[in-house]
Amino acid sequence: MAWELLFSSDFGLMSFAVIVGVLIIGAVMGKMYSNKMDEDARKAGK
């Protein structure tokens, strides 16, 4: 029932969009922070 409600109703689809958006934003920010930490480590090593 929960899966059916998630994918068949307006508020379910919007909730799913928010969940996916938060996961994407988290992955992008994690990658950005990782790159920044690597860059700072390289600068500190030189």
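Every number here is computed from the coordinates shown, using simple stated rules; none is lab data. On a predicted model such as this, the values are computed, not experimentally measured, just so you know. Because the Cβ atoms are built from the backbone with ideal geometry, glycine has one as well, and the counts that use them run over all protein chains shown.
Residues in the range 1-17 that are surrounded by 10 or more Cβ atoms within 10 Å (Cβ to Cβ), among the aliphatic types (A, V, I, L, M) and out of contact with any helix residue (DSSP H, G or I) (no Cβ under 8 Å at 6 or more places or on another chain): Met14, Ala17.
If you scan the chain, which residues turn out to be of a type in the set (S, T, N, Q) and part of a helix (DSSP H, G or I)? Listed by number, the residues that qualify are Ser8, Ser15, Ser34, Asn35.
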